[in-house]
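Visitor: Could you have a look at this structure, given as structure tokens, before my questions?
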Amino acid sequence: MIKKLLLCLALVSLTAAACPAADTAPGTKRRGQFALTFDDGPGYITGDLLKLLEKRGVKATFFMLGSSVRADPAMAKKVHDAGHLVANHTDTHKNWFKTGRAGDREKVFLSEVKKAEEAIVKATGEKPSVLRMPNGYTAPWVREAAKKLGYRTANWSYGSDWTRTPEDRMTAEYVKSVRTGKVLLLHDGGGKNREKTLRITEAVLNEAQRLGLEPVRLDVLLKGPDPKE
């Protein structure tokens with residue numbers, strides 16, 4: 001699975017393909033639902049994103065970095081208070097394809113997850129229960145370590161907004177990926193050009209409305225059966 005992820009990450013800038021992982025949320029057929037997820041925030045567009053989601057009556061999932069939450073705890077609280085799921089994305093977005101090979105990986109993992117958790121709890125008053133590792137890193141030891149901390153891990157079905165793919169092509173790929181059970185990844189933090197997140201999100205929501213699909217929080221989607229079972 002790690003080799004599969006590495007290959008996918010190597011090709012993604014050329015193909016804008018999805019990078020499914022072993023802990024990706026289930027591709028179920030429950031009530032026509034799918035999940036919108038946003039990573040690395042809170043960021044400078046998060047406030048505008050909240051307005052868009054509120055306007056469309058949509059709930060989403062925000063995988064927040066502890067460092068980003070400490071930089072803007074008020075925005076993290078706004079996300080939580082608006083009814084969205086605030087999830088853990090570790091503290092500092094390390095390169096786990098490298099860190100995961102180190103002898104002290106479990107110690108670093110514990111520190112990264114707990115620091116982010118502490119920041120989120122301080123800002124929102126609620127402990128997160130879902131974890132997404134940076135860059136979609138996954139491994140049996142990560143899932144086991146996360147479980148011991150009370151987390152369920154989750155990756156995504158499609159995402160490409162960190163690549164150099166032209167925005168029109170990127171938007172078309174996101175729209176094409178709006179399907180029952182899918183988990184779409186976008187970013188509201190990190191990087192310098194996040195306004196496209198707002199435009200792509202609106203296009204995705206328009207397509208969902210056309211298809212009669214319901215965007216839901218990831219914890220709602222995760223209630224479906226695990227495709228590995």
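The numbers here are math on the coordinates, done by the rules we state, and not lab data. Not measured: the values here are computed from a predicted model. Because the Cβ atoms are built from the backbone with ideal geometry, glycine has one as well, and the counts that use them run over all protein chains shown.
Visitor: Would you grab the residues whose amide H sits under 5 Å from the one on Thr153? Only those 5+ places off in sequence or on another chain, please, with H modelled 1.01 Å from N.
Guide: Leu131
Visitor: Oh, and also: If you plug each phi of the stretch 162-172 into the Karplus form 6.51 cos²θ - 1.76 cosθ + 1.60 with θ = phi - 60°, what whole-Hz ³J(HN,Hα) values come out, in order, with x for Gly and Pro?
Guide: 3J(HN,Hα) across the stretch 162-172, in whole Hz: 9, 8, 8, 4, x, 4, 5, 5, 4, 4, 4.
Visitor: Roughly what would the spin-label model give for Leu211 and Lys98, points 7 Å off Cα along C-beta, in nm?
Guide: The two pseudo-label positions are separated by 3.7 nm.
Visitor: Quick one: compute the contact order of the stretch 95-229, relative version, from alpha carbon pairs under 8 angstrom and 6+ residues apart, as a percent.
Guide: With pairs under 8 Å counted, the relative contact order is 17 percent.
Visitor: Find the centroid of the Cα atoms in the stretch 107-139 and in the stretch 38-103, then give the distance between the two in whole Å.
Guide: Spelled out, the Cα-based centre of one part sits 11 Å from the other.
Visitor: Oh, and also: Run down the aspartates and glutamates and flag those whose C-alpha is under 13 Å from the C-alpha of Lys196, throwing out any fewer than 8 positions away in its chain.
Guide: Output for Lys196: Asp48, Asp161, Glu167, Asp168, Asp188.
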